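Take a look at the structure below.
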Amino acid sequence: MDFLEALFSLPPLLYAPLLVGSLCLVLNYLVYSRRVAQWRKSNIPFLSPSFLIGHKYFWGVGSNSATVVPLDRIYRENKDKDLVAFFIATMPVVLLRKPALIKQIFAKNFDEAFNTGFAVSRKDEIEPHTLSQSSNKSVWKAHRNALSPLFATSRFSGEGFAMIRHHIAHMSAHVEETRLQGKPINTKEVAVKFLQDIICKSFLDLDVNSYEKEGEFLKFLKSFVKPGWSQLLGIFAQMHLQRIPKLDSLKLITQRHIEFMRSLLQRQMKQRSKNNDNKNDLINLLIRLKEQQQDRKLDSEMDVTNEMTSLGFSLLLGGIKGNKAVDNMVSFTMHLLSLNPIYQERIRREVEDVMKNHATTEFTYEVVRDLHFLNQCLHETARLYPVTSALTRVCTEDFSPAGTDYNFKIGELFIVDPYSIHRDPEYFENPDVFDPDRFSPKNRDSKSIDAFLGFGKGPRKCPGNNVGLLIASTLIGSLVQKYEVRPRSHTKQMDAFDFHPRSFAIVHNDDVLVDLMPREVLTH
């Protein structure tokens, strides 16, 4: 009675939010209970959840790696299963464990599981048209085909690599100045700025030197990948709140991002048209697109601008992932090489031998292309520390994978945990050991090839991974040729508990600092 009296004594303005909140909670519970009952009846192994929390291993999100640690524990505890279903909060997901089943769903059943699971509002003008977000297959194919020529590594041969050598000089000057000041090298910072400067020049025709001044474009890129609660909540909202409009602050691409990108592209297109240059980059692609669409007499110029802006975001987010993929790969590789000087020496010998074969003393496209052992080191890094902690797909129609009796329904969410598969001894011997030779031609087999998910799987895998590998090889090769890399901040190999606790991607929580010792000093 006292409770009822207290309730009815509340100010009238509090009744509405209290009633709405209670109704939402009840509705959520009813939906949740129905979902649990449906999964219990399915032939897919199912782990019982707790209401509003989901699986118990996700209770600690924010205190350790947001997804890697809980997914890895679920993966390891269900090693006798091809797949297992569980809840993240009130959202049911199916964890795919076997590479053969992953290949089946991500590649052979591509049409039936096309969506990535990151839903966006249909009213959104930009996100539904980007490579990483698009749920419209025809739009996705058109953008992929349009951007594919920009991700050809051959674009960086000849004069294209002369541009990269220009940025090697900027990077080398920064590294040497930092070393002479007695400071360690921040591997992530060096990699971010090196990659960003190359992106600016090669794709957008912007001349920048981020080592001298951190420009607006670098700040713009960093805003996409900065770990924190807003990033986690935004990703969760896109996965869980399907087709429900979200706050602008929880979107991957906010209105502020759109305005910056639109202004940048329009400025560069105007400059290009004035100079009448013809370069094989994003700016020329957008100019051709604008001319074609104007010929078709579209309803408004804004339609053209939205599509051009979407292509710009597709390049940065769906192609080379902004800076996230390559700078993490470089930073983790430098960390691993600092702990394994024997592999540093092999890289140096390879660089010297390849340069000798090509009759040159500097890095060229042909030299970097032939640094096979360095490429093995990067693949081994991507195995130990894959770019993303989870690959996701959503059923776009009911289907049953060939050779199985599993029946998947439209709207069901698949999740793949590359970190756990890459560290499964069933597919990789001594999986926690950094061993680049496991990716040598003689050691690779179909089992390990199918289990490697470092750059994704199927047609929606990262289209810019070869460009990323080229840039990463150039950066690491030029540093290891001149310096011996020694550990400073991390003296043992990082594991999942070293990852940032509030990032969906696999990024290290603290800066990776190394010391560089010039080779000419060591040889005397």
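Here is how the numbers come out for the structure above:
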| read-out | value |
| --- | --- |
| Cross-chain or 6+ apart pairs with Cβ under 9 Å, region 192-213 first and over 24 Å from Met334 (Cα atoms) and free of Cβ contacts under 8 Å to residues at least 12 places away in the same chain, then open to solvent by 30 Å² or more (accessible area, probe 1.4 Å) and not in a loop (DSSP other than H, G, I, E, B) | Asp207/Lys201 |
| Residue check, Val514 part of a strand (DSSP E or B) and crowded, with 20+ Cβ neighbours inside 10 Å | yes |
| Any hit, region 109-122, residues being among the hydroxyl-bearing types (Ser, Thr, Tyr), open to solvent by 20 Å² or more (accessible area, probe 1.4 Å) and outside any helix (DSSP H, G or I) | yes |
| Cβ pairs under 7 Å, 6+ apart, first in region 338-356 and outside any helix (DSSP H, G or I), second hydroxyl-bearing (Ser, Thr, Tyr) | none |
| Qualifying residue in region 38-58 (condition: modelled with pLDDT under 65, of a type in the set (Gly, Ala, Ser) and open to solvent by less than 60 Å² (accessible area, probe 1.4 Å)) | no |
| When residues of region 436-446 are limited to those that are assigned to a loop (DSSP other than H, G, I, E, B) and without any contact (Cβ under 8 Å) to a residue 12 or more places away in the chain, the one nearest to Arg383 (Cα to Cα) | Arg444 |
| Residue check for Ile253: buried (at least 18 other Cβ atoms within 10 Å of the Cβ), assigned to a loop (DSSP other than H, G, I, E, B) and either among the basic types (Lys, Arg) or at pLDDT below 85 (or both) | yes |
| Residue within region 390-404 that is of a type in the set (A, V, I, L, M, F, W, C) and under 20 Å from His500 (Cβ atoms) present | yes |
| Output for region 158-192, where each listed residue is open to solvent by 40 Å² or more (accessible area, probe 1.4 Å) and either basic (Lys, Arg) or closer than 21 Å to Asp281 by Cα (or both) | Gly158, Glu159, Ala162, Arg165, His166, Arg179, Lys183, Lys188 |
| Residue under evaluation Arg383, criteria (1) assigned to a loop (DSSP other than H, G, I, E, B); (2) under 15 Å from the mean Cα position of the chain (by Cα); (3) not aliphatic (A, V, I, L, M), criterion not met | (1) |
| Residues being of a type in the set (D, E, K, R) and open to solvent by less than 10 Å² (accessible area, probe 1.4 Å) - total across region 406-422 | 1 |
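Here is a yes/no grid of residues against (1) touching a Cys at 6+ places or on another chain (Cβ under 8 Å); (2) surrounded by 21 or more Cβ atoms within 10 Å (Cβ to Cβ); (3) part of a loop (DSSP other than H, G, I, E, B); (4) on the phi > 0 side of the Ramachandran plot:
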site: Phe434; (1), (2), (3), (4): no, no, yes, no
site: Ser448; (1), (2), (3), (4): no, no, no, no
site: Leu470; (1), (2), (3), (4): no, yes, no, no
site: Ile476; (1), (2), (3), (4): yes, yes, no, no
site: Gln493; (1), (2), (3), (4): no, no, yes, no
site: Ser503; (1), (2), (3), (4): no, yes, yes, no
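Every residue, every condition in (1) at pLDDT 95 or above; (2) in contact with a helix residue (DSSP H, G or I) (Cβ under 6 Å, 6 or more places away or on another chain), yes or no:
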| position | (1), (2) |
| --- | --- |
| Glu345 | yes, no |
| Val351 | yes, yes |
| Glu366 | yes, no |
| Leu391 | no, no |
| Ile410 | no, no |
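The values are calculated or read from the model by the stated rules, or taken from the named source; none is laboratory data. Note that the coordinates shown come from a computational prediction; the quantities given were computed from them, not determined experimentally. Positions of Cβ are generated from backbone atoms using ideal geometry, with glycine treated the same way; all protein chains shown enter the neighbour counts. Side chains included, ligands, DNA and RNA excluded: accessible areas come from the protein's heavy atoms. Shrake-Rupley method; radii C 1.70, N 1.55, O 1.52, S 1.80 Å.
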